[in-house]
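Novice: Quick one: the structure is below, and I'll ask about it shortly.
The values are calculated or read from the model by the stated rules, or taken from the named source; none is laboratory data. None of these values were measured; they are calculated from a predicted model. As a convention, Cβ positions derive from the backbone with ideal geometry for all residues, glycine included, and neighbour counts pool all protein chains shown. Heavy atoms of the whole protein, side chains included, go into the accessibility calculation; ligands, DNA and RNA do not. Shrake-Rupley method; radii C 1.70, N 1.55, O 1.52, S 1.80 Å.
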Amino acid sequence: NELPCRVAETHWRIAATHEKLGQYTEAAEEFEAAAASYDETADKIPHHKEFYNDYSNYMKALSEIEKAKHHNLERRYDEVREHYERAAELHNATDRWGYLSKYYSAWAKLAEAEALSHEDETEEAKSLFRGIADLFEESKDVIEAQLGEIHVRDEREMARSLIEASELRSGYCRGRVTLEGAR
């Protein structure tokens, strides 16, 4: 019976809607529910266990990202960093989405740099922002290299948007290097 898989897909869609509405906590909860349903599916269909475990880890990663977004609004940078680090680890644990790990690692480092800046540790922040700009460039290259292997339209569009976001974040970090230097 593949019913838990259908339930997972429904939670995924609901989570995506919450995300678009900026309801990050609700989105995180729905992604976690989707992960639980994918875990249940993996248990019920052992010959597809790895496939559904990948989807479960991906949903858990998306939940961590939503939690990071929520904490970022509150400028709780240590928590933001922890959630993005966990998202990177979860992506890395998948076969299908491992290529996104570097992107979310860069976000974790960005939260660390923001915390340093907030604490007036300008030299350390400046140095970290410089390195993060390079990390976003590297993540862009990794995602671009993967594009030819992505055959699902929505996933391909997501990858393209992350390439653009990587470029923007790299530019942001380079701007922050200048700003920290001026401070």
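Novice: Can D78 be described as within 23 Å of S37 (Cα to Cα), open to solvent by 20 Å² or more (accessible area, probe 1.4 Å) and in contact (Cβ under 8 Å) with a residue 24 or more places away in the chain?
Specialist: It is false that D78 is within 23 Å of S37 (Cα to Cα), open to solvent by 20 Å² or more (accessible area, probe 1.4 Å) and in contact (Cβ under 8 Å) with a residue 24 or more places away in the chain.
Novice: Could you grab me the full set of residues in the range 40-57 that are surrounded by fewer than 19 Cβ atoms within 10 Å (Cβ to Cβ), hydrophobic (A, V, I, L, M, F, W, C) and within 24 Å of the chain's Cα centre (by Cα)?
Specialist: Once the filter is applied, which keeps residues that are surrounded by fewer than 19 Cβ atoms within 10 Å (Cβ to Cβ), hydrophobic (A, V, I, L, M, F, W, C) and within 24 Å of the chain's Cα centre (by Cα), the range 40-57 yields only F51.
Novice: I'd like the full set of residues that are loosely packed, with under 12 Cβ neighbours inside 10 Å and basic (K, R), limited to the range 166-183.
Specialist: R183
Novice: Still on this model: Quick one: how many residues across the range 107-148 are open to solvent by 30 Å² or more (accessible area, probe 1.4 Å), under 21 Å from H71 (Cβ atoms) and of a type outside the set (D, E, K, R)?
Specialist: 5
Novice: Scan the range 21-35 for residues that are over 15 Å from the mean Cα position of the chain (by Cα) and open to solvent by 70 Å² or more (accessible area, probe 1.4 Å) and report the count.
Specialist: The number of residues fulfilling the criteria is 3.
Novice: Continuing with this model, one more query. What number of residues within the range 149-165 are in contact (Cβ under 8 Å) with a residue 40 or more places away in the chain and open to solvent by 80 Å² or more (accessible area, probe 1.4 Å)?
Specialist: Here the count works out to 0.
Novice: Against the definition (open to solvent by 50 Å² or more (accessible area, probe 1.4 Å), at pLDDT below 95 and more than 24 Å from V177 (Cβ to Cβ)), how does D95 come out, yes or no?
Specialist: yes
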